[in-house]
């Protein structure tokens, strides 16, 4: 009985946390939807533990808890892969933005007719090019 | 009289302040007709100041994107500014400027021209896993392209406008994306490749690694990159819009 209450409390707590994050706009709905479904499933299992037993019986799993672990691992794996792909997409998008910023800023500075560095180049940068060469030819 | 083609020399640079001045000066002396673009890949040293001091245009990326990232930005610049062809050259002086004309001449017969180290000139040799990687890559690319390609990881390569457009669409920023993946995807999109023998000069910034462990990792990563690029769905190359093939885009 105590364990059921603990599970219930945990599920309710995370559901509440998620709801608050969602309301504050700190988690997008497309990411939260999955977690809300998971939270609901945990509440369901906490209230009716026999559900898991019946499900395990039906699936032919001897220990119901193994079914739970299996499903949980699959779910977490799926979420990780989803996050990796979202991260890659974001990196691609920021890459495009970085390129565009560079292209635009070069264009602006060309139009303004000045170099992009604020300070004028120091004296040792005078075009005596081969003096700068550190290594032998 | 203006040169027959507008050519851009594209140089990705990340903290190359020690060598970039002399490399640019030499390029300017050897190929005065070509425009120079340095793509600064988030350098923290004086790369930008030195590049600007030698008169090159500098495209400054706000943070480090890697070689592939820097190059794609440069290809976009070349394409959008109406250049007919672009050639990428290393900032460390490894690529001999006197060979640029030879590599560019390869574009008369193909969309992409690669300056290759193993094609008879120079004395560049490798062995062990690094050599196996070279054999694997050259075998796969020779089959795909239908012409003999022996040094596909060479960074000394030129592109015409058609290839520039292709590169602006697909040029991965990851390891080997700038050589293996982008080239294989271009070939599979129907672009043609040719290789031109060149001699490379020793790098100014130290020797390439000869550790067998690193070479083995390189082999695995090359094979993986190849696998990804070769199994990806083919996308036909984009057609160049008529209006931008002429030189009216530039003043």
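Bear in mind these aren't lab numbers, they're just calculated from the coordinates by the rules spelled out. The shown structure was predicted, so the numbers you read here are calculated from the model rather than taken from an experiment. For neighbour counting, all protein chains shown are included, and Cβ atoms are generated from backbone atoms with ideal geometry for every residue, glycine included.
Miscellaneous remarks
- Antiparallel bridge percentage (DSSP; both residues within chain B; nearest 5): 25 percent
- For the options B:83, B:63, B:167, a Gaussian network treatment of chain B with springs between C-alpha atoms closer than 10 Å singles out B:63 as fluctuating the most.
- Residue among B:192, B:23, B:98 with the largest mean-square fluctuation in a Gaussian network model of chain B, springs linking Cα atoms under 10 Å: B:98
- Multiplying the residue separation of residue A:26 and residue A:69 by 0.36 nm and removing their Cα-Cα distance gives an extension gain of 12.6 nm.
- Beta-bridge orientation, the protein assembly as shown: approximately 25 percent antiparallel, per DSSP, counting only bridges with both partners inside.
- Max mean-square fluctuation residue, GNM over chain B, Cα-Cα springs under 10 Å, options B:227, B:27, B:59: B:227
- Cβ-Cβ FRET estimate between residue B:143 and residue A:1, R0 fixed at 51 Å, reported to 0.05: 0.15
- Helical mean residue ellipticity (222 nm; -39500 (n - 2.57) per DSSP H run of 4+; nearest 500) of chain B: -12000 deg cm²/dmol
- Once C-alpha pairs closer than 8 Å and six or more residues apart are averaged by separation and normalised to the residue number of chain B, the relative contact order reads 22 percent.
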